[in-house]
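Just below is one structure, and these are the notes that go with it.
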Amino acid sequence: MRALLLRDLRLAVRSGGGFGLSLAFFLIVTVLIPFGVGPEPGVLARIAPGALWIGALLAVLLSLDRIFALDREDGTLDLLATAPIPLEAVAATKALAHWLTTGLPLALVAPGLGVLLNLAPAATGWLIGSLLLGTPALSVIGAFGAALTVGLKRGGLLMSLLVLPLYVPTLIFGALAVGRGGAGADAATPLMMLAGVSLGTVAVLPFATAAALRINLR
Amino acid sequence: MSLWEYANPVRFMALSGRVLPWLAWGAGLCIAAGLFWGFFLTPEDYRQGSTVKIIYLHVPAALVAINGWLAMLVASLIWLVRRHHVSALVARAAAPVGMVMTVIALATGAIWGQPMWGTWWAWDPRLTSFLILFLFYLGYIALWSAIEEPETAADLTGVLCLVGSVFAILSRYAVNFWNQGLHQGASLSLDAKENVADVFWWPLLVSMAGFVMLFLALVLARTRTEIRARRLHVLRLRERME
């Protein structure tokens with residue numbers, strides 16, 4: 001499992017596997033928002049929590065197809081399925097590798113982008129915290145969506161249709177925690193709900209992912 | 001004689017062929033009677049005027065939309081556990097019907113909301129969760145139509161239906177948390193003190209029964225069509241072999 005994790009990390013970082021791309025995408029989305037809604041600081045500060053969360057979510061979404069698609073193409077996935085470790089562990093490991101190369105960097109650069117959107121300074125800590133707590137759920141749910149569509153030739157669009165509705169609870173609690181934290185209101189409740197969503201999905205969804213992979217590899 | 005005997009497509013076709021006309025006529029009669037009763041024979045609400053009468057379309061459609069997903073969930077579970085093909089086909093057949101019902105509920109709600117709330121759409125928890133339910137239906141149907149191999153498609157959509165159900169319930173409560181509601185609370189629960197008055201309740205009940213029968217009839221008809229289509233497919237393949 002550790003070997004698999006390291007292999008996935010190395011692939012993501014070295015071979016132009018999109019490690020920096022999702023960060024760049026996050027930056028571009030954030031830069032585009034003021035062009036869309038206008039540069040008034042008040043408006044930007046008002047929408048910054050939601051806009052940053054949606055940007056992070058889309059950045060995660062765009063990098064999902066690299067979780068399983070490449071391994072499926074070159075046959076690695078078949079080898080992994082017959083390897084002595086359970087497929088559930090493979091699914092969880094690959095989701096973890098995805099999170100380490102996407103969710104974690106996104107959470108770390110988000111405060112810088114928050115400055116661009118005039119995010120309230122009090123909200124910065126909540127932004128990092130909520131992204132750190134919430135992006136694991138995004139990676140795990142995304143791995144499930146990627147596993148469902150891995151057998152399809154052009155599954156990318158379909159995968160977004162399947163995955164985005166599943167992202168609703170995470171997005172609601174994440175953006176709410178940042179918004180409330182910035183306003184000085186009680187942000188602990190949505191943050192705890194967010195942690196609950198993450199823990200629940202991390203615990204359960206690898207099994208669904210593995211089931212979908214087994215069906216697709218049949 | 002157990003329920004599982006109808007997992008045999010031949011038995012299922014025989015039974016559904018007998019039941020279908022009754023269901024279809026029952027649905028037509030009940031909906032016509034419920035709507036006529038509701039539209040012309042009930043008094044107008046003292047505050048909402050005649051707009052209240054859209055309830056005879058709105059509530060039954062919403063009921064069927066939610067229970068249609070529930071039916072898909074049960075059918076998917078039976079398919080994943082017991083591998084009865086009819087069950088997978090029922091899940092597949094129910095999805096578009098449920099989606100249309102969701103659209104009807106949303107559209108009638110918007111038509112009612114425009115004069116009453118002064119807006120076509122509000123990000124109210126109930127409205128929002130229905131919109132999310134619509135998206136789930138959309139994804140489910142898209143996945144069915146994207147995969148060619150029927151058994152793989154049935155398996156994957158079954159897994160999606162299970163996971164989607166959990167997330168649908170989760171989203172339902174998450175949106176409650178996210179925004180305060182404009183929509184009135186449950187007005188039909190059996191133990192509530194503030195139910196709708198009896199004059200509105202009886203035609204509504206007839207209409208709901210009609211919509212449920214309509215759903216069952218449409219699902220049965222679609223399942224029968226799909227079974228026949230598969231038989232045709234097999235026959236064609238056999239012909240090509242000879």
(1) closer than 30 Å to B:VAL166 by Cβ; (2) surrounded by 20 or more Cβ atoms within 10 Å (Cβ to Cβ); (3) of a type in the set (A, V, I, L, M, F, W, C); (4) touching a residue at least 60 places away in the same chain (Cβ under 8 Å): which one isn't true of B:ILE31, the others all being true? (1)
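If I filter region B:191-234 down to residues being among the β-branched types (Val, Ile, Thr) and either part of a loop (DSSP other than H, G, I, E, B) or surrounded by 15 or more Cβ atoms within 10 Å (Cβ to Cβ) (or both), which single residue comes out as modelled with the lowest pLDDT? Spell out the reasoning first.
Residues of region B:191-234 among the β-branched types (Val, Ile, Thr): B:196, B:199, B:206, B:212, B:219, B:223, B:225, B:227, B:234.
Pick out the ones that are also either part of a loop (DSSP other than H, G, I, E, B) or surrounded by 15 or more Cβ atoms within 10 Å (Cβ to Cβ) (or both) and you get B:196, B:206, B:212, B:219, B:223, B:227.
Values: B:VAL196: 65, B:VAL206: 91, B:VAL212: 94, B:VAL219: 95, B:THR223: 93, B:ILE227: 92.
Restricting to residues being among the β-branched types (Val, Ile, Thr) and either part of a loop (DSSP other than H, G, I, E, B) or surrounded by 15 or more Cβ atoms within 10 Å (Cβ to Cβ) (or both), the top hit is B:VAL196.
So which of B:GLY68, B:GLY38 is at pLDDT below 90, closer than 22 Å to B:GLY210 by Cα and buried (at least 21 other Cβ atoms within 10 Å of the Cβ)? It would help to see each step written out before you state the result.
Values: B:GLY68 fails: at pLDDT below 90.
Unique residue meeting the criteria: B:GLY38.
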Does region B:178-190 contain at least one residue that is modelled with pLDDT under 85 and among the hydroxyl-bearing types (Ser, Thr, Tyr)? yes
Which residue, of A:LEU79, A:LEU104, is under 19 Å from A:ALA146 (Cα atoms) and either among the hydrophobic types (A, V, I, L, M, F, W, C) or surrounded by fewer than 18 Cβ atoms within 10 Å (Cβ to Cβ) (or both)? A:LEU79
Considering only region B:94-141, how many residues are β-branched (Val, Ile, Thr) and not in a helix (DSSP H, G or I)? 1
Condition test on A:LEU194, is it under 17 Å from B:GLY158 (Cβ atoms) and buried (at least 23 other Cβ atoms within 10 Å of the Cβ)? no
Could you look through region A:195-206, keep only residues that are in contact (Cβ under 8 Å) with a residue 24 or more places away in the chain and more than 10 Å from every other protein chain (Cβ to nearest Cβ), and pick out the one that is farthest from A:VAL115 (Cα to Cα)? A:PRO206
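Can you name every residue in region A:195-218 that is modelled with pLDDT of 90 or more and of a type in the set (D, E, K, R)?
Filtering region A:195-218 down to residues modelled with pLDDT of 90 or more leaves A:195-215.
Result: A:ARG214, single match.
Taking region A:125-151 as the search range and keeping residues that are part of a helix (DSSP H, G or I) and hydroxyl-bearing (Ser, Thr, Tyr), which one is farthest from the other protein chains (Cβ to nearest Cβ)?
Taking region A:125-151 and keeping what is part of a helix (DSSP H, G or I), we get A:125-148.
Subsequent filtering for residues that are hydroxyl-bearing (Ser, Thr, Tyr) retains A:130, A:135, A:139.
Numbers: A:SER130: 14, A:THR135: 17, A:SER139: 15 Å.
Filtering first and then ranking leaves A:THR135.
Yes/no matrix, rows are residues, columns are (1) within 19 Å of A:ALA51 (Cβ to Cβ); (2) surrounded by fewer than 22 Cβ atoms within 10 Å (Cβ to Cβ):
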residue: A:TYR167; (1), (2): yes, no
residue: A:LEU199; (1), (2): no, yes
residue: A:ALA203; (1), (2): no, yes
residue: A:THR209; (1), (2): no, no
For region B:110-124, does any single residue satisfy the condition of being within 12 Å of chain A (Cβ to nearest Cβ), free of Cβ contacts under 8 Å to residues at least 24 places away in the same chain and among the aliphatic types (A, V, I, L, M)? no
Name the residues in region A:152-175 that are part of a loop (DSSP other than H, G, I, E, B) and either within 7 Å of chain B (Cβ to nearest Cβ) or β-branched (Val, Ile, Thr) (or both), would you? A:LEU152
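Could you say which residue among A:ILE67, A:ILE54 is in contact with a Lys or Arg (Cβ under 8 Å, 6 or more places away or on another chain) and under 30 Å from A:GLY112 (Cα atoms)? If you could, list the steps in order and put the result at the bottom.
Numbers: A:ILE54 fails: in contact with a Lys or Arg (Cβ under 8 Å, 6 or more places away or on another chain).
It is A:ILE67.
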Given the conditions (1) within 13 Å of another protein chain (Cβ to nearest Cβ); (2) at pLDDT 90 or above, report the number of the one that B:THR128 does not fulfil. (2)
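Regarding A:VAL115, is this residue under 18 Å from A:ILE54 (Cβ atoms), free of Cβ contacts under 8 Å to residues at least 12 places away in the same chain and more than 9 Å from chain B (Cβ to nearest Cβ)?
Values: under 18 Å from A:ILE54 (Cβ atoms): yes; free of Cβ contacts under 8 Å to residues at least 12 places away in the same chain: yes; more than 9 Å from chain B (Cβ to nearest Cβ): yes.
So A:VAL115 fits the description; yes.
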Identify, by number, the condition in (1) touching a residue at least 60 places away in the same chain (Cβ under 8 Å); (2) part of a helix (DSSP H, G or I); (3) more than 11 Å from chain B (Cβ to nearest Cβ); (4) surrounded by fewer than 22 Cβ atoms within 10 Å (Cβ to Cβ) that A:GLY184 doesn't meet. (2)
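Listed residues A:PRO111, A:PRO49; which is more than 27 Å from A:GLY155 (Cα to Cα), touching a Gly at 6+ places or on another chain (Cβ under 8 Å), crowded, with 17+ Cβ neighbours inside 10 Å and not aliphatic (A, V, I, L, M)? Quick ask: steps written out before the conclusion?
Working: A:PRO111 fails: touching a Gly at 6+ places or on another chain (Cβ under 8 Å).
Only one candidate passes the filter, namely A:PRO49.
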All but one of (1) in a helix (DSSP H, G or I); (2) more than 8 Å from chain B (Cβ to nearest Cβ) hold for A:ASN216, so report the exception by its number. (2)
Checked region B:136-156 for anything buried (at least 20 other Cβ atoms within 10 Å of the Cβ), within 9 Å of chain A (Cβ to nearest Cβ) and either closer than 25 Å to B:GLN114 by Cβ or of a type in the set (Val, Ile, Thr) (or both); matches are B:ILE147
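Which one of B:SER50, B:SER76 is of a type outside the set (A, V, I, L, M, F, W, C) and crowded, with 20+ Cβ neighbours inside 10 Å? Talk me through it step by step, then tell me what you get.
On the way: B:SER50 fails: crowded, with 20+ Cβ neighbours inside 10 Å.
Result: B:SER76 is the single residue among B:SER50, B:SER76 that is of a type outside the set (A, V, I, L, M, F, W, C) and crowded, with 20+ Cβ neighbours inside 10 Å.
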B:MET116, sole failed condition from (1) within 28 Å of B:SER145 (Cβ to Cβ); (2) in contact with a helix residue (DSSP H, G or I) (Cβ under 8 Å, 6 or more places away or on another chain): (1)
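Yes or no: A:PRO86 touching a residue at least 24 places away in the same chain (Cβ under 8 Å), surrounded by fewer than 19 Cβ atoms within 10 Å (Cβ to Cβ), closer than 21 Å to A:PHE207 by Cα and out of contact with any Leu (no Cβ under 9 Å at 6 or more places or on another chain)? First the steps, then the outcome.
Numbers: touching a residue at least 24 places away in the same chain (Cβ under 8 Å): yes; surrounded by fewer than 19 Cβ atoms within 10 Å (Cβ to Cβ): yes; closer than 21 Å to A:PHE207 by Cα: yes; out of contact with any Leu (no Cβ under 9 Å at 6 or more places or on another chain): yes.
Judged against the criteria, A:PRO86 is a match.
The values are calculated or read from the model by the stated rules, or taken from the named source; none is laboratory data. Keep in mind that this is a model prediction, so the values were computed, not measured. Note: ideal-geometry Cβ built from the backbone for every residue, glycine included; neighbour counts use all protein chains shown.
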